[in-house]
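Encoded as structure tokens, the structure appears first; notes follow it.
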Amino acid sequence: MLKSKERQDAPALGPLGLLRWGWTQLTSMRTALVLLFTLAVAAIPGSLVPQRSVSPIGVTDFIAANPTLGPIYDRIGLFNVYTSVWFSAVYLLLFVSLIGCILPRTATFLRALRAEPPRTPRHLHRLPVHETRPLGGDGDEVLDEAVQRLRKARYRVLRDGDGSGEGATVRAERGYLREAGNVIFHISLVVLLIGVAISSLLGYRGSSLVITGQGFSNNLSQYDDLSAGAAFSEQMLRPFTVRVKDFDAQFELGDVQTGAARVFEALIEVSEPGRPAREQVLEVNHPLTIGGTSVHLIAHGYAPVVTVLDGDGNIAFSGPVPFLPQDGNFTSAGTIKAPDGRPERLAFQGFFLPTAVVDDQGPRSTFPDAIDPALFLNAWSGPPKEETGEPENVYSLDARGMTQLKDEKGDPVRLQLRPGQSITLPDGKGVITMDGWQRWVKLQISETPGLVLTLVAVSLAVLGLCLSLFIRPRRVWVRIRTGKDGSRTLEIGGLDRVDARTGLDEDLATLADDLAKKEH
């Protein structure tokens, strides 16, 4: 019995070999596609779960409603998907993988771009498309005509030999720019990732509610909310001021689509350092551009103007108070606070109704325009509150330490005010007057520094796809073959490199017929 040979173990890769193997795996097209799919899947939680950068209140509410699941989501970064470590890791790996794919493909394409059309195969009749025609006499004119026709059809052409020898051929190739489409498409993905990264790191988006007649200056203290990238700093805010001089809102009054929005326009005055102020109309979906900063009109509403006198007869509050719309007819909820009232502070909470109706459903608005406005409020009072510097929501009332005012029957005081009307509070607590109402608009201010790169990347991607889809790489060879009896034969062979030979048969047949006729 023969003694079996001992199996030899494969040599160890070593650190350098392991790195080379890892780089090869990372830069393969399969890995790039897997990472791209993984990135798309990883972005899904960002659409399903509230994000802290966009809706911090939504995150707080989600955690409060899900005391078990919420903290787990928070620990694994589901409330900050796009800035989480795992999402950034996939993003960077995809970036590196794409670059690793592009470099060798680009080198291969550049070599192919400088290369000559491939040599004529020995057996043209074995090609998917081939034609033969008998010839008589000299074939130089036939080859010259073939060169001209193929060049006219945008082929890159090279002629070998002359028509009197066996090696007389014409080789042609076109569609080599199809690979350029693949390279451009992959480059566009890298540019897209760079643009998104720049916007994520340096961009910002915030909003501010501005009452008509007032303004907004582009600094942090003026924002109601602001979300910005990790590399953002206050110095990046472009200095400018916008003042809302007027706002026009019009609604459909006819029987069809009653109350539908027809016109939302804000007259804006823009001031920039070193430049004269200018006026511009701001509309929905037509933003104002100031340098690289965009100002959008995203919402509007009503701000009743009230004056509150405290128990000592002094003005505790006076001015417009924004109320937030709750439905399509602009039933708006809000809070009026007079913390400086003496001897007691005062607060009011309720609704502003632009077209007020009181029926069995209670107070409500029946039309979004201010046709018959009214203010419906409940009132609270309490001892002065010590200032702690703790932020407080201006749209809701924290009634801790306060008592709701009641009438002689012990029922809560319900105030109904119309423009110009005043009501005295019970027990000499004070007086509240509705002086009128104003409109407010909500502005969104944003800057996306990587937007240009992103648009360029999308354009390049479309261009690359078009080149890849519509350019057909084809090769054509023309040969004059001499038989043993001295007869000459025209042979033409063609190859469509994308297995889409639609039209190639007809093109070569037409070329063969024309060349045969030319020779005669």
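For the structure I just gave you, tell me whether residue 200 is without any contact (Cβ under 8 Å) to a residue 60 or more places away in the chain and either among the small types (Gly, Ala, Ser) or surrounded by fewer than 20 Cβ atoms within 10 Å (Cβ to Cβ) (or both).
Judged against the criteria, residue 200 is not a match.
Would you list the strands (runs of 3 or more DSSP E) that sit entirely within the stretch 259-332 and hold 3 or more residues that are of a type in the set (A, V, I, L, M, F, W, C) and surrounded by 20 or more Cβ atoms within 10 Å (Cβ to Cβ)?
Output list reads 293-309.
Would the stretch 422-430 turn up any residue that is open to solvent by 70 Å² or more (accessible area, probe 1.4 Å) and free of Cβ contacts under 8 Å to residues at least 24 places away in the same chain?
Yes; the residues of the stretch 422-430 include at least one that is open to solvent by 70 Å² or more (accessible area, probe 1.4 Å) and free of Cβ contacts under 8 Å to residues at least 24 places away in the same chain.
What's the number of the condition residue 382 fails, among (1) open to solvent by less than 20 Å² (accessible area, probe 1.4 Å); (2) among the small types (Gly, Ala, Ser); (3) without any contact (Cβ under 8 Å) to a residue 24 or more places away in the chain?
(3)
Filter the stretch 431-452 down to residues that are among the hydrophobic types (A, V, I, L, M, F, W, C) and surrounded by fewer than 19 Cβ atoms within 10 Å (Cβ to Cβ) and give me whichever is modelled with the highest pLDDT.
Only one residue tops the list, namely 431.
Using beta carbons and a limit of 8 Å, which pairs, at least six apart or on different chains, have the first residue in the stretch 113-129 and of a type in the set (Asp, Glu) and the second one crowded, with 18+ Cβ neighbours inside 10 Å and at pLDDT 85 or above?
116/171
Could you list, in sequence order, all residues of the stretch 422-438 that are in a strand (DSSP E or B) and among the acidic types (Asp, Glu)?
435
Please note which helices (runs of 4 or more DSSP H) are completely contained in the stretch 27-119 and include at least 3 residues that are loosely packed, with under 13 Cβ neighbours inside 10 Å and at pLDDT 85 or above.
29-42, 69-75, 85-114
Every residue in the stretch 13-26 that is touching a residue at least 40 places away in the same chain (Cβ under 8 Å) and either out of contact with any helix residue (DSSP H, G or I) (no Cβ under 8 Å at 6 or more places or on another chain) or open to solvent by less than 90 Å² (accessible area, probe 1.4 Å) (or both), please.
26
Of 460, 465, which residue is at pLDDT 90 or above and either out of contact with any strand residue (DSSP E or B) (no Cβ under 6 Å at 6 or more places or on another chain) or more than 27 Å from residue 121 (Cβ to Cβ) (or both)?
Answer to the selection: 460.
The values are calculated or read from the model by the stated rules, or taken from the named source; none is laboratory data. Keep in mind that this is a model prediction, so the values were computed, not measured. Every residue, glycine as well, gets a Cβ built from its backbone with ideal geometry; the counts of neighbours run over all protein chains shown. Heavy atoms of the whole protein, side chains included, go into the accessibility calculation; ligands, DNA and RNA do not. Shrake-Rupley method; radii C 1.70, N 1.55, O 1.52, S 1.80 Å.
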